[in-house]
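Here the structure is laid out as structure tokens; the discussion comes afterwards.
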Amino acid sequence: MSLLEVKNLKVHFPVKPGLFSRVRESVKAVDGVSFSIAPGETLGLVGESGCGKSTLGRAILRLVQPTAGEIFLDGENITHMSGAELRGRRRKFQMIFQDPFSSLNPRMTVEDIVGEALDIHQLTDSQSARKKRIAELLEAVGLDPVYAQRYPHEFSGGQRQRIGIARALAVEPEIIICDEPVSALDVSVQAQIINLLRDLQQQRGLAYLFIAHDLAVVEHISRRVMVMYLGKIVETADAKTLIREPQHPYTQALISAVPEVDPDSKRQRIILPGEVPSPIHPPDGCPFHPRCPIAETKCRTEIPQWREVSKNHFAACHLAGKEIEARN
């Protein structure tokens, strides 16, 4: 049984020409996304900035209201639950935000930031138990409990992200949505945070939806990877297969942009023409066809169907598997 299941989820934001005008158009930030995550699994989600990754993560947590579709957590439909109903389920799923500074209240001490969830869900019965629990959480993320009375501005970026992770762990969740948790950090600190997340997963049986734009980072931590473009999932496979045998032209272009350490590597960068189309007026047919170097006539008129191109490897592309000629 899946821990999290998302079915045909859509998030459309209305656009009004003026303050008192009627809604005539919508930004299709997430446009018919479906997937599932098993207990203890890490599912990676990659794509360019603006493709809808963060909106998808927030919609799953109901921080953004879905326009259509369904979200199931432990088999229970939480899509249309009221705030009061949802509050009791919040313990099961939490979020680690991208910016480790703006996501922490600068007027609260670390003790209050981490302890807030304990208070809301009444998880401790005394002040001494609360302090002990906060100290355990800080130690779990590699911070000295003596720092509990300090404020966020007194910490480095990596330390602030550890505080955010401790806050997410406070309610003992089953799944954590990681919204680009390392993109604002130095490379050396990124590795430390990724290793911390992996260790916590092994110790606590956590499941992650790991959102990032860096395929190298996602490959390192994820078992499966989804590629998102213009609000839609265009390819998914296990991490190693996706990196080694990308089937969708967009995935091939993303992988070509990943820096390589090997100086003898013959991989060449694929430069995609044009800009990402507007999510208000997405193109007919395949959403990627205006930038695809190998697009054919049917790509401009027919929406590609989601199909299995090899075992457990799916892509939404008429020409899945056809290589793009790399360009310098």
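A few remarks follow.
- Boolean, Lys28 is touching a Phe, Trp or Tyr at 6+ places or on another chain (Cβ under 9 Å), surrounded by fewer than 19 Cβ atoms within 10 Å (Cβ to Cβ) and under 19 Å from Ile303 (Cβ atoms): no
- Pro173 meets the conditions (1) of a type outside the set (Lys, Arg); (2) assigned to a helix (DSSP H, G or I); (3) touching a residue at least 60 places away in the same chain (Cβ under 8 Å); (4) closer than 25 Å to Thr109 by Cβ in every case but one. The failed one is (2).
- Checked against the criterion of being among the small types (Gly, Ala, Ser) and over 27 Å from the mean Cα position of the chain (by Cα), the candidates Ala135, Ala166, Ala140 yield just one match: Ala135.
- For segment 185-224, filtered to residues that are outside any strand (DSSP E or B) and touching a Ser or Thr at 6+ places or on another chain (Cβ under 6 Å), the residue that is surrounded by the most Cβ atoms within 10 Å (Cβ to Cβ) is Ser222.
- The residues of segment 112-132 that are over 20 Å from Phe93 (Cβ atoms) and either among the β-branched types (Val, Ile, Thr) or surrounded by 12 or more Cβ atoms within 10 Å (Cβ to Cβ) (or both), listed by number, are Asp112, Thr124, Ala129, Arg130, Lys131, Lys132.
- Residue pairs meeting the criteria (Cβ under 9 Å; at least 6 apart or on separate chains; first under 14 Å from Leu43 (Cα atoms), in segment 235-252; second crowded, with 24+ Cβ neighbours inside 10 Å and of a type in the set (Lys, Arg)): none
- Any hit, segment 201-224, residues being basic (Lys, Arg) and touching a strand residue (DSSP E or B) at 6+ places or on another chain (Cβ under 7 Å): yes
- For segment 289-308, the set of residues classified as of a type in the set (S, T, N, Q) and over 16 Å from Lys232 (Cα atoms) consists of Thr297, Thr301, listed by residue number.
- Options Gly164, Gly57; residue that is touching a residue at least 24 places away in the same chain (Cβ under 8 Å), in a helix (DSSP H, G or I), among the small types (Gly, Ala, Ser) and in contact with a Pro (Cβ under 6 Å, 6 or more places away or on another chain): Gly164
Values quoted throughout were computed directly from the atomic coordinates according to the rules given, and no laboratory measurement underlies them. This is a predicted model, so every value here is computed, not measured. Note: ideal-geometry Cβ built from the backbone for every residue, glycine included; neighbour counts use all protein chains shown.
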